[in-house]
Ligand code: AMP
């Protein structure tokens, strides 16, 4: 299944392709057609499932196919529990809507009210808001919610946990009765079901398995080995265990190409997938890999964003990533949907500090296993090794956090990061 089959417009397909996504995730496959069809929805999906694109893409399309009567007042409202999430969703709306004519604004606490009011006055089609600050704007008359056609409640269970239920109800009272409402929540608890019952009209219900707890589900092992013997060890492991579908991560595009060539010489059917390859070449490699024509797929972190494979059994870190979070994303490619997964990391001397960072992030030390015949010439003991310095390049996710938290304006007392 590809994005085209979901019935998305050309501008959205282009934005998706710019992101390097090849296939819709399970939640996108289910949610996008139903939302395009105008249905209400109750979806259980956690962060990491692709849920944001799952509602943003069809929302943008619905807005573009329905007339706005030439007015620029909010036609879509997305409520989130925290300003960090609002900023992330805002980024997604900008990313996926870059070929669409809409203007989006974010409204959350902790930053200037006046600036937001000015932006609202200038005209906004899509509003991303935390409930508290939105209500402030409602009571000050700086926002008009009477034209909202689509309402999204993101991370609804967290909003209820944070005590936003009364705020949400007050906001509902300002919205038109006739609208499309989409609720996203990690759980279908009783309070969520009750809220759904009052807000939704014959909703489609969707559930997808959580993804982000990979570190708990995936069996992880570290093989200490000298750098120059890594490739040999990798071929040995694949052959010895007769692994048939292995995703291997390298740090660089060049490294990915070189490793793929070497593995091919070892007689393993291998393809490489990275940012220098065309979308078509990447799609072909992925298809061959999925269908078993290619046994080993070598990828860089960036290219792997476009890979969505259910039941991928093995992930190998040929080199550890510089950023510990990327390790979690990498191993999250396996062990999905209750299947067992195995993540193997080949680490040489210089990578010990990166391993220390990863173990800190995971709050667990990883099992080390020296493979007979591949004994390293260094001591793999990490207890005396200092953590690696974090790399200078800022990460996208952190950037959006910084932006959302960059204001020196005081936060609402006691509100923490709530709006
Ligand atoms: P979310 O669950 O919405 O927080 O998304 C998790 C991550 O998945 C984000 O970094 C998205 O960029 C990425 N993503 C969303 N849709 C896809 C897709 N179809 N293929 C690959 N990655 C995706």
Residue that is farthest from the chain's Cα centre (by Cα) [pool: residues in region 260-277 that are in contact (Cβ under 8 Å) with a residue 24 or more places away in the chain and in a helix (DSSP H, G or I)]: 262
Flag if residue 346 is under 26 Å from residue 50 (Cα atoms), crowded, with 19+ Cβ neighbours inside 10 Å and at pLDDT 95 or above: no
Filter result for the condition that a residue is at pLDDT 85 or above and touching a helix residue (DSSP H, G or I) at 6+ places or on another chain (Cβ under 8 Å), over 205, 177, 220: 220
Some residue of region 6-22 being in the same structural domain as residue 137 (by TED's automatic domain parsing), within 11 Å of the ligand (Cβ to nearest atom) and closer than 20 Å to residue 187 by Cβ: no
Residue list for region 42-57, filter: more than 10 Å from the ligand (Cβ to nearest atom) and buried (at least 24 other Cβ atoms within 10 Å of the Cβ): 42, 43
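Go through the residues of region 131-144 one by one and say whether even a single one is under 23 Å from residue 45 (Cα atoms), within 22 Å of the chain's Cα centre (by Cα) and in the same structural domain as residue 177 (by TED's automatic domain parsing).
There is no residue in region 131-144 that is under 23 Å from residue 45 (Cα atoms), within 22 Å of the chain's Cα centre (by Cα) and in the same structural domain as residue 177 (by TED's automatic domain parsing).
Residue-by-condition table, conditions (1) on the phi > 0 side of the Ramachandran plot; (2) more than 16 Å from the ligand (Cβ to nearest atom); (3) modelled with pLDDT of 95 or more; (4) in a helix (DSSP H, G or I):
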{"residue": "310", "(1), (2), (3), (4)": "no, no, no, no"}
{"residue": "316", "(1), (2), (3), (4)": "no, yes, yes, no"}
{"residue": "320", "(1), (2), (3), (4)": "no, yes, yes, no"}
{"residue": "326", "(1), (2), (3), (4)": "no, no, no, yes"}
{"residue": "334", "(1), (2), (3), (4)": "no, no, no, no"}
{"residue": "351", "(1), (2), (3), (4)": "no, yes, yes, yes"}
{"residue": "375", "(1), (2), (3), (4)": "no, yes, yes, no"}
{"residue": "379", "(1), (2), (3), (4)": "no, yes, no, no"}
{"residue": "398", "(1), (2), (3), (4)": "no, no, no, yes"}
Contacts under 9 angstrom Cβ, first residue in region 278-291 being touching a residue at least 12 places away in the same chain (Cβ under 8 Å), partner assigned to a helix (DSSP H, G or I), 6 or more apart: 279/17; 282/303
Cβ pairs under 8 Å, 6+ apart, first in region 49-60 and in a loop (DSSP other than H, G, I, E, B), second more than 9 Å from the ligand (Cβ to nearest atom): 49/26; 49/208; 49/210
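Tell me the residue from 86, 117 that is assigned by TED's automatic domain parsing to the domain that holds residue 162 and within 16 Å of the ligand (Cβ to nearest atom), please. Working first, answer last.
Values: 117 fails: within 16 Å of the ligand (Cβ to nearest atom).
Answer to the check: 86.
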Filtered residue count, region 135-154, keeping only those that are touching a helix residue (DSSP H, G or I) at 6+ places or on another chain (Cβ under 6 Å) and crowded, with 20+ Cβ neighbours inside 10 Å: 4
Selection within region 69-122 - at pLDDT 95 or above, surrounded by fewer than 17 Cβ atoms within 10 Å (Cβ to Cβ) and in a loop (DSSP other than H, G, I, E, B): 98, 99, 103
Residue within region 223-240 that is more than 16 Å from residue 345 (Cα to Cα) and free of Cβ contacts under 8 Å to residues at least 40 places away in the same chain present: yes
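Restricting the search to region 143-162, which residues are out of contact with any strand residue (DSSP E or B) (no Cβ under 9 Å at 6 or more places or on another chain) and either more than 25 Å from residue 53 (Cβ to Cβ) or part of a helix (DSSP H, G or I) (or both)?
Residues of region 143-162 out of contact with any strand residue (DSSP E or B) (no Cβ under 9 Å at 6 or more places or on another chain): 144, 146-147, 161.
Selection gives 144, 146, 161.
Rundown of residues vs (1) more than 10 Å from the ligand (Cβ to nearest atom); (2) out of contact with any helix residue (DSSP H, G or I) (no Cβ under 8 Å at 6 or more places or on another chain); (3) on the phi > 0 side of the Ramachandran plot, yes/no style:
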site: 26; (1), (2), (3): no, yes, no
site: 67; (1), (2), (3): yes, yes, no
site: 70; (1), (2), (3): yes, yes, yes
site: 91; (1), (2), (3): no, no, no
Flag for residue 34 being in contact with a strand residue (DSSP E or B) (Cβ under 7 Å, 6 or more places away or on another chain), part of a helix (DSSP H, G or I) and within 15 Å of the ligand (Cβ to nearest atom): no
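The values are calculated or read from the model by the stated rules, or taken from the named source; none is laboratory data. Predicted model, so just to flag it, every value in this text is computed and none were measured. In this analysis, Cβ positions are derived from the backbone assuming ideal geometry, glycine residues included, and neighbour counts consider all displayed protein chains.
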